[in-house]
Amino acid sequence: MSGQRLAIGLAVLLMVITTAGATAQDARLMRRLDATTAHAVAEIIDSARAQHLPFEPLIQKALEGGSKGASAEMIVAAVRRLATRLQVARNSLGADATEAELVAGAAALDLGADTQSLRSLRAQKPEGGLTGPLMGLAYLLQRGVPPKGSADIVRSMLEAHLSDAEFATLQRLVDQDIQAGAPAAAAAEVRSRALIQHGARLRPRTDGGTR
Amino acid sequence: MRARGERLREHPNPGSSGREAAPAMRARRFTVVLLVLSTSSFAPLAAQVPAGGRRPAVSSPWLALLTDAAQLVVTPTFDAFEVGSSRAGVDAGIQWEHRTSSDRIVRLGLDFGAAWRAASTYRRTGVAAAYGLEGDRAGATLQLSAAVGSGAGARTVFSAEASGRAGALRMNVRTNLLHDHARPDSMALPGGRFAPSFVTESSRYTDAELSAHRLLGKLQASATIGARFGQDHAEKDQWAFAQVVAPLHSRLGLELAAGWQPERRDLAQPPGAFGRVALRLAVPSGNAPAPAPGTKRTATLAILPLPSGGYRLSVDCAPATRAELKGDLTDWEPVVLRSDRSAPERCSVVLHAEPGVYHIVMSIGGGPWTVPPGLTPVPDGFGGLAGLLSLPSPVNVERGGHQP
């Protein structure tokens with residue numbers, strides 16, 4: 001009997017904490033946006049929560065709009081668009097995808113990735129998660145590497161069991177080549193190939209040297 | 001009258017045909033040796049690479065650079081001089097460059113060149129090795145090089161060059177030891193007889209150059225002044241010239257230069273006023289393209305996870321002493337990054353946030369809000385951009401890294 005009371009007490013406490021958190025988040029919206037906009041955003045957030053999507057990125061998108069002086073219509077549209085992207089990312093990356101993976105996946109979708117690419121990455125999900133590879137995918141797309149080429153490069157690097165560090169190295173090297181005038185796609189292709197061949201050597205060590 | 005530092009050496013008469021042929025043969029032999037050395041130095045590394053596998057870790061940066069990308073740079077030039085003469089030339093260089101994570105840089109280059117002026121021709125083959133430290137704001141490099149030539153220029157050239165860079169200013173000090181071209185002479189023999197012989201002139205001098213570089217849009221502009229020391233008879237021992245390089249294509253640049261230049265017998269270059277038109281063609285090897293010389297490097301936003309929790313974010317903010325950041329991890333409220341005495345050029349702040357992916361923007365020195373350097377810009381949905389920032393979990397940091 002005392003065990004049941006304890007369980008009920010914990011459940012109530014959990015509900016109070018959760019509600020308090022949500023209220024605090026809503027308070028941020030109320031403080032930074034006009035009431036109508038905040039209400040419209042809150043409806044989108046409630047819908048996202050019902051679908052078990054992370055809602056903090058949606059609140060942040062609304063706050064970003066407020067911070068940048070965007071109109072109410074733009075803020076609501078941007079939040080709705082992000083919710084849709086998160087939903088598509090979750091459908092592609094799986095229900096166990098973390099919030100970081102979903103945000104990075106949504107960014108990649110925004111930059112031109114297709115759902116098939118995300119699904120193929122999910123099939124090769126490494127132990128450390130897909131955040132680094134998805135960040136790499138977003139980077140390549142943003143640099144103008146065609147979607148298929150970008151996805152192929154990321155897949156090849158995942159197949160070679162390269163870590164987030166190698167994806168960061170790829171970004172640094174390709175940036176360097178682009179500054180020197182190399183086309184992004186060619187630079188990404190040859191640099192990723194080099195990393196696959198001897199990525200461990202290029203990876204910076206924590207003591208500042210190289211392997 | 002002979003210059004200070006010059007020496008005369010006499011040789012037995014090699015015969016007139018031998019005088020012409022011997023340096024050219026030496027040059028060819030030297031070229032073959034360089035190519036054999038270059039090819040053979042790849043062999044042990046290449047043999048260790050399993051098909052489709054990773055290359056083994058290479059501890060020495062000198063060995064590591066041979067597994068890196070090589071770049072072929074070809075530069076045809078045309079110089080016109082005030083006296084109405086001209087010089088056409090082609091320089092080609094194969095260069096390997098390796099930069100470590102601690103900004104150490106090693107470079108190995110093979111150089112080939114040919115120049116035509118009036119009825120004379122000069123060809124040269126050389127090798128150069130450099131080691132240095134190259135940071136975003138300053139750098140220092142020491143380079144040793146050797147070359148052999150044939151025709152109307154120096155026969156052998158050894159040089160040691162120290163260069164330093166601070167911001168947009170560069171200083172080079174280069175000491176050259178030249179064995180110049182042979183010329184006919186005669187040698188007195190006992191009994192009042194004279195036998196034909198030839199002499200080799202040697203000269204040693206030091207060139208010091210100071211140059212200022214600036215990016216004007218896409219143009220790389222520079223102005224250089226220089227002086228020569230240790231060679232009395234130099235016709236031009238001070239010089240100054242300006243140079244502009246305009247990118248025509250991803251791998252092709254047009255160079256224009258004018259001013260006064262020193263005599264460079266190692267390049268068959270006459271002294272005096274000149275104007276130059278040149279093309280620069282850079283061809284990377286199949287491994288990877290290398291950055292062009294003088295490429296501007298941008299300091300990226302650095303993220304350091306702290307043992308106590310939280311992250312230190314820092315960015316190059318000089319000459320400003322503060323920057324501001326706002327984003328998903330600050331509820332889009334600005335937070336200030338400040339420089340301190342230990343690193344006055346970097347502004348930093350410690351933020352406490354969960355590992356994850358965030359959107360941020362930054363303003364440096366009161367400037368506009370922009371995507372921090374090194375972050376991937378993504379559309380913000382409001383007609384602008386935000387930078388995608390990844391804060392690593394401590395586990396991923398221990399595993400070997402993270403990306404911004």
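A short reminder: the numbers here are calculations on the coordinates, not readings from a lab. Everything numeric here is computed off the predicted structure, so don't read it as measured data. When we count neighbours, we look across all protein chains shown, and the Cβ atoms used for this are built from the backbone with ideal geometry, even at glycine.
Amide H contacts of B:Gly356 (H built 1.01 Å from N, in plane; Pro and chain starts excluded): B:Leu391 sit under 5 Å, all sequence-distant by 5 or more or on other chains. For region B:318-361, a simple Cβ point-charge model (Lys and Arg +1, Asp and Glu -1, everything else neutral) yields a dipole of about 280 debye relative to the Cα centre. Between their Cα atoms, which of A:Lys125/A:Lys148; A:Lys61/A:Lys125; A:Lys68/A:Lys125 are more than 30 Å away from each other? Correct reply: A:Lys68/A:Lys125. Equivalent ellipsoid of region A:137-188: semi-axes from √(5λ) of the C-alpha gyration tensor, largest first, are 17, 13, 8 Å.
Phi-derived couplings, Karplus 6.51 cos²θ - 1.76 cosθ + 1.60 at θ = phi - 60°, listed residue by residue for region B:341-356: 5, 6, 9, x, 8, 10, 9, 9, 8, 9, 10, 9, 8, 6, x, x Hz, with x used for Gly and Pro.
An ellipsoid equivalent to region A:24-144, defined through the eigenvalues of its Cα gyration tensor, has semi-axes of 28, 15, 11 Å when rounded to whole angstrom and sorted largest first. With one equal scatterer per alpha carbon and no solvent term, the Debye-computed log10 I(q)/I(0) for region B:103-166 at 0.19, 0.25, 0.28 1/Å reads -0.74, -0.96, -1.08.
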